[in-house]
Amino acid sequence: MAEASSWFEKEVNATTIPLIAFGAALNIVVGQAVQLIKLPLYLDSIGTILIACVVGPLAGMLTGAFANLTLGLFFNYAFIFFIPVTLVIGAFSGFAARIGVFRRWYTAIPTGLLQGVLSAIASAPIAAFMFGGVTMGGTDFLVLYFRAIGKSIIQSAFLQGLAADPVDKAVSYLIVYFLLTRIPRSILIRLPGYANT
Amino acid sequence: MPTPEAPRRVYNPLNHYVALTIVLAAFAFKLEWQLVVLAALVSVTLFSPERKKIYRGFLKFVLPLILIGFLINGIFFTGNVAFSIGPVKFRDQGLLFASVVATRLALIVIAISYYFSRVKPETISEYLASRGADRRFIYIYLLSVAMVHLMRDKLQKIYTAQSARGLDTTKNVFARAKYLLPMLVPLSYSYIAESLDRGLALRAANFSDKKSPATPIVVPLVEIIVNRKGLFIGRLVLLAGVAVTIARFVK
């Protein structure tokens, strides 16, 4: 218990709090950037993955939770129900960063694909039982297709996630890798998770 | 001359207990009872001054979701044909499932919208701080909300600058994807540096990592009684909601 508490104190303190808030805001703003340049992706976890890498898994989980909370309160309530998915993303990318997957692009991409599969597993029950498989995302037609070929509602939600999430997360991981290579070392060295970069 | 302070509106915890209970009811009750709660909620919210705010969001985001849900589940579920429009047959099991999901969504969204239309985030933060909540969470939430607006403005400026340098959104996906990094790198770089400086300032200002001391706001006695009653009734209602939910799922 004391160990968990000290882990929490290490990742969520006066130095990291503004970084977590920045990561949450980045998740929201990247969504806007993607709309501006009309990309067929969500990329709404870049802030979560970045903070999980440069601070730690707990900070990543908090970043995702606060981003979805803010999105839910100000834009679309549906985001609030997907907070458990952001927790999975934050935890997984934080632990992945510790083994150095963000040091090379060719380790970042497959880890992103795996992250996508985990996200699809985590989001399927929420999409199926909370929203009946429909989330008003651009991939709803896939749910329609899988239902048409006889899959159950949870299978359809999972397969829809599987079709969209791995690519989305692999691109997100790659973007985080490029961000880390382009941010000056003088800034990176001040971050708690510098060793992960 | 100092101006007199405006009377402080005290947050009544009954607000969030009622909202939470309705969210629980959305899962605990059967469809008939969900509809009863929904009818009560709609009749309360329709006569509230915040109705425009509540139902604008509902019509924009939730109604299309519900309609598509009826369409997908009505057509692709198995079961008896309830009705058909031309060659398209709607199954009763699918329509029932879509009705449960629609009622659940409507209950949750209207309850949460009503709650947040009446209570400002700062008021909740103030209340949570007065109850001894962890200040770090309150600060992260308020700072992220503030940062979203600042970063959006900055992103718009970067986008305008990139457009002037030839950013073309009519090109193919891969060409457009190349524009993402030149937009994100300056944005991330400046805000990471700023966040680190902000962290230093917080440390220098001796920002406590511990919970804030529970220092209730000084309020008139009547309001304290109302608040305490609200707290008690709220907890009671919530407990009943939890009990019903557990009973439903155990059964």
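Residue by residue, here is whether (1) outside any helix (DSSP H, G or I); (2) of a type outside the set (A, V, I, L, M, F, W, C); (3) more than 20 Å from the chain's Cα centre (by Cα) holds:
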{"residue": "B:Phe97", "(1), (2), (3)": "no, no, yes"}
{"residue": "B:Ala102", "(1), (2), (3)": "no, no, no"}
{"residue": "B:Ile112", "(1), (2), (3)": "no, no, no"}
{"residue": "B:Tyr115", "(1), (2), (3)": "no, yes, no"}
{"residue": "B:Glu126", "(1), (2), (3)": "no, yes, no"}
{"residue": "B:Ile140", "(1), (2), (3)": "no, no, no"}
{"residue": "B:Val148", "(1), (2), (3)": "no, no, no"}
{"residue": "B:Leu184", "(1), (2), (3)": "no, no, yes"}
{"residue": "B:Tyr191", "(1), (2), (3)": "no, yes, yes"}
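For (1) modelled with pLDDT of 90 or more; (2) facing chain A (nearest Cβ under 7 Å), each residue gets a yes or a no:
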site: B:Arg135; (1), (2): no, no
site: B:Tyr139; (1), (2): no, yes
site: B:Leu142; (1), (2): no, no
site: B:Met147; (1), (2): yes, yes
site: B:Lys154; (1), (2): yes, no
site: B:Ala161; (1), (2): no, no
site: B:Ala164; (1), (2): no, no
site: B:Val173; (1), (2): no, yes
site: B:Asp197; (1), (2): yes, no
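Residue by residue through the stretch B:113-130, note down the ones that are within 8 Å of chain A (Cβ to nearest Cβ) and open to solvent by 30 Å² or more (accessible area, probe 1.4 Å).
B:Phe116, B:Pro121
Within the stretch B:68-86, track down each residue that is part of a helix (DSSP H, G or I), within 9 Å of another protein chain (Cβ to nearest Cβ) and not polar (S, T, N, Q). Spell out how you get there, then give the answer.
Narrowing the stretch B:68-86 to residues part of a helix (DSSP H, G or I): B:68-76.
If we keep only those that are within 9 Å of another protein chain (Cβ to nearest Cβ) too, we end up with B:68-73, B:75-76.
Across the stretch B:68-86, the qualifying residues are B:Ile68, B:Gly69, B:Phe70, B:Leu71, B:Ile72, B:Ile75, B:Phe76.
Considering only the stretch A:124-146, I want to know if a residue exists there that is aliphatic (A, V, I, L, M), part of a helix (DSSP H, G or I) and away from chain B (no Cβ under 13 Å). Before you say what the answer is, go through the steps one by one.
Within the stretch A:124-146, the first condition is being aliphatic (A, V, I, L, M), and the residues that meet it are A:124, A:126-128, A:130, A:134, A:136, A:142-144.
Imposing the further condition that a residue be part of a helix (DSSP H, G or I) reduces the set to A:124, A:126-128, A:130, A:142-144.
Retained after the next criterion (residues that are away from chain B (no Cβ under 13 Å)): A:124.
So far as the stretch A:124-146 goes, yes, one or more of its residues are aliphatic (A, V, I, L, M), part of a helix (DSSP H, G or I) and away from chain B (no Cβ under 13 Å).
Which one of the conditions (1) under 30 Å from A:Ala128 (Cα atoms); (2) within 8 Å of chain B (Cβ to nearest Cβ); (3) hydroxyl-bearing (Ser, Thr, Tyr) does A:Thr48 fail to meet, given that it meets all the rest?
(2)
Inspect all residues belonging to the stretch A:85-95 and state whether any of them is assigned to a helix (DSSP H, G or I) and over 22 Å from A:Val29 (Cα atoms).
Of the stretch A:85-95, the ones assigned to a helix (DSSP H, G or I) are A:85-95.
The next check asks that each one be over 22 Å from A:Val29 (Cα atoms); those that pass are A:92, A:95.
Looking for residues that are assigned to a helix (DSSP H, G or I) and over 22 Å from A:Val29 (Cα atoms), one finds at least one in the stretch A:85-95, hence yes.
Checking A:Asn68 against (1) within 7 Å of chain B (Cβ to nearest Cβ); (2) in a helix (DSSP H, G or I); (3) of a type outside the set (Asp, Glu), which test does it fail?
Among (1) within 7 Å of chain B (Cβ to nearest Cβ); (2) in a helix (DSSP H, G or I); (3) of a type outside the set (Asp, Glu), the lone unmet condition for A:Asn68 is (1).
Anything in the stretch B:149-192 that is under 20 Å from A:Ala14 (Cα atoms) and open to solvent by less than 20 Å² (accessible area, probe 1.4 Å)? List them, or say none. Explain how you work it out, then say what you get.
Kept after step one, since they are under 20 Å from A:Ala14 (Cα atoms), are these residues of the stretch B:149-192: B:188-192.
If the condition is that a residue be under 20 Å from A:Ala14 (Cα atoms) and open to solvent by less than 20 Å² (accessible area, probe 1.4 Å), then B:Ser188, B:Tyr191, B:Ile192 are the ones that fit.
Quick check on the stretch A:21-40. Is at least one of its residues away from chain B (no Cβ under 13 Å), of a type in the set (A, V, I, L, M, F, W, C) and either more than 12 Å from the chain's Cα centre (by Cα) or open to solvent by less than 10 Å² (accessible area, probe 1.4 Å) (or both)?
Our first condition is that a residue be away from chain B (no Cβ under 13 Å); within the stretch A:21-40, this holds for none.
There is no residue in the stretch A:21-40 that is away from chain B (no Cβ under 13 Å), of a type in the set (A, V, I, L, M, F, W, C) and either more than 12 Å from the chain's Cα centre (by Cα) or open to solvent by less than 10 Å² (accessible area, probe 1.4 Å) (or both).
The values are calculated or read from the model by the stated rules, or taken from the named source; none is laboratory data. Since the model is a prediction, treat every value here as computed from it, not as a measurement. For neighbour counting, all protein chains shown are included, and Cβ atoms are generated from backbone atoms with ideal geometry for every residue, glycine included. Heads up: the accessible areas ignore ligands, DNA and RNA and are worked out on the full protein's heavy atoms, side chains in. Shrake-Rupley method; radii C 1.70, N 1.55, O 1.52, S 1.80 Å.
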